[in-house]
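Since the structure comes first, as structure tokens, the remarks are kept for the end.
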Amino acid sequence: MRLLFLSALLIFASGCMEQNAKPFDIKNLAKSDIDMVTDVNLKEWRRLTRELTVKLYKRNPKELKKNPEMTIAKRLDQLFPIQRLPDGFAELGHKDGVDAVPLAFSEEFEGDRVFAFMAGLTGMLDASYNGKKEIFILDEVDQQKLYNSARNLEAAAWHLNNRKDPQGNLYILSNGISPEGITNYSYERILGKLIGIQDMMANIISDSTNRTINRVVHSAASMTFFPI
């Protein structure tokens with residue numbers, strides 16, 4: 001029986017080794033098609049948020065300078081750890097996820113606003129996949145968490161483009177027009193892709209599990225974010 005199983009496994013593996021195809025990985029036997037799609041999206045949201053983090057720091061270097069020993073590479077290590085800190089970030093008052101986003105637009109907050117914003121986004125997205133870095137058949141993904149995170153991303157994008165300090169300056173610079181008249185909407189495009197990923201995954205999970213998404217109206221200008 002064992003020999004028969006190994007033979008079947010080898011036949012399956014050889015079928016996956018077509019030209020230009022990725023090498024067969026035995027762990028994929030414990031994954032459904034939806035799990036594999038979810039894995040792709042897990043990697044994509046991390047790639048996009050890393051890109052957004054770097055872009056925001058380059059556009060807002062004064063935020064990084066608030067901590068003289070900090071670098072962009074160190075911030076990325078904090079935002080994308082192997083396992084997220086269970087009690088949040090000390091410099092953000094032990095906040096993370098949806099609780100960290102409002103700090104970025106608070107008049108009273110004197111810390112790194114880019115870090116607060118990205119800790120909020122990455123923590124929220126991480127929580128929407130239950131902190132998983134990879135999905136297998138026995139793992140459950142909640143369509144409502146995915147949907148809620150998409151609505152929160154819409155709100156976060158609105159605040160990034162509109163929230164200003166008492167002097168009328170944006171708290172965090174992002175989209176804009178250069179002195180040469182070139183319009184830059186690259187930040188908005190990244191956030192749009194993130195919203196699309198989360199909405200797509202919410203619909204896929206909902207369809208595959210026959211669970212309904214509670215679609216609610218959420219004001220983009222609200223600083224109250226849906227729980228994840």
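The values are calculated or read from the model by the stated rules, or taken from the named source; none is laboratory data. A quick note: this is a predicted structure, and the numbers were derived from the prediction, not measured. Cβ: placed from backbone, ideal geometry, glycine included. Neighbour counts: every protein chain shown.
Residues in the stretch 102-112: is at least one of a type in the set (Asp, Glu), at negative phi and under 17 Å from the mean Cα position of the chain (by Cα)? Write out each step before concluding.
Quick first cut of the stretch 102-112, residues of a type in the set (Asp, Glu) only: 107-108, 110, 112.
Retained after the next criterion (residues that are at negative phi): 107-108, 110, 112.
Right, trim to under 17 Å from the mean Cα position of the chain (by Cα) and you get none.
No - not one qualifying residue is present in the stretch 102-112.
Among the residues of the stretch 113-133, is there at least one that is more than 26 Å from His218 (Cα to Cα) and part of a helix (DSSP H, G or I)?
Kept after step one, since they are more than 26 Å from His218 (Cα to Cα), are these residues of the stretch 113-133: 132-133.
Now drop any that are not part of a helix (DSSP H, G or I), which leaves none.
The answer is no, given that none of the residues of the stretch 113-133 is more than 26 Å from His218 (Cα to Cα) and part of a helix (DSSP H, G or I).
Please state which one of Thr183, Thr224, Thr209 is surrounded by fewer than 12 Cβ atoms within 10 Å (Cβ to Cβ), hydroxyl-bearing (Ser, Thr, Tyr) and farther than 19 Å from Gly120 by Cβ.
Details: Thr224 fails: farther than 19 Å from Gly120 by Cβ; Thr209 fails: surrounded by fewer than 12 Cβ atoms within 10 Å (Cβ to Cβ).
Unique residue meeting the criteria: Thr183.
Identify, please: which residue in the stretch 154-213 is assigned to a helix (DSSP H, G or I) and among the basic types (Lys, Arg) and is, among those, farthest from Leu48 (Cα to Cα)? I'd like the intermediate steps shown before the answer.
Going residue by residue through the stretch 154-213, those that are assigned to a helix (DSSP H, G or I) are 154-162, 186-209.
So of that shortlist, the ones also among the basic types (Lys, Arg) come out as 189, 193.
On the way: Arg189: 10, Lys193: 8 Å.
Across the stretch 154-213, the extreme among qualifying residues is Arg189.
Quick one: would you say Asn161 is without any contact (Cβ under 8 Å) to a residue 40 or more places away in the chain, surrounded by fewer than 24 Cβ atoms within 10 Å (Cβ to Cβ) and either more than 18 Å from Asn41 (Cβ to Cβ) or touching a His at 6+ places or on another chain (Cβ under 9 Å) (or both)? Let's see the steps before the verdict.
Values: without any contact (Cβ under 8 Å) to a residue 40 or more places away in the chain: yes; surrounded by fewer than 24 Cβ atoms within 10 Å (Cβ to Cβ): yes; either more than 18 Å from Asn41 (Cβ to Cβ) or touching a His at 6+ places or on another chain (Cβ under 9 Å) (or both): yes.
Here the answer is yes, as Asn161 does meet what is asked.
Pairs only if they're at least six apart or on different chains, beta carbon under 6 angstrom, first in the stretch 98-122 and small (Gly, Ala, Ser), second assigned to a loop (DSSP other than H, G, I, E, B); list them, first residue then second.
Filtered contacts from the stretch 98-122: Ala116/Ala100; Ala119/Asp96; Ala119/Ala100; Gly120/Ala100.
Are there helices (runs of 4 or more DSSP H) fully within the stretch 2-91 with at least 2 residues that are among the aromatic types (Phe, Trp, Tyr), modelled with pLDDT of 95 or more and within 21 Å of the chain's Cα centre (by Cα)? List them.
Working: elements: 2-15, 33-59, 61-64, 72-79.
So the answer is 33-59.
Check off (1) over 20 Å from Ile197 (Cβ atoms); (2) surrounded by fewer than 21 Cβ atoms within 10 Å (Cβ to Cβ) for Val114 and give me the number that stays unchecked.
So the condition that Val114 fails would be (2).
Filtering the stretch 37-69 down to residues that are touching a residue at least 24 places away in the same chain (Cβ under 8 Å) and among the aliphatic types (A, V, I, L, M), which residue is surrounded by the fewest Cβ atoms within 10 Å (Cβ to Cβ)? Before you say what the answer is, go through the steps one by one.
As a first pass, look at the stretch 37-69 and keep what is touching a residue at least 24 places away in the same chain (Cβ under 8 Å): 37-39, 41-42, 44-46, 48-53, 55-57, 59-60, 63-64, 66-67.
Filter once more, so that each one left must be among the aliphatic types (A, V, I, L, M): 37, 42, 48, 52, 56, 64.
Details: Val37: 17, Leu42: 20, Leu48: 19, Leu52: 23, Leu56: 23, Leu64: 19.
Ranking the candidates gives Val37 first.
One line per residue, one yes/no per condition, for (1) under 30 Å from Arg211 (Cβ atoms); (2) at pLDDT below 95:
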position: Phe109; (1), (2): no, no
position: Leu125; (1), (2): yes, no
position: Ile137; (1), (2): yes, yes
position: Asn152; (1), (2): yes, no
position: Arg163; (1), (2): no, no
position: Ser174; (1), (2): no, no
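Residues in the stretch 96-111 that are farther than 17 Å from Arg75 by Cβ and crowded, with 21+ Cβ neighbours inside 10 Å: how many?
Adding up the residues that qualify gives 2.
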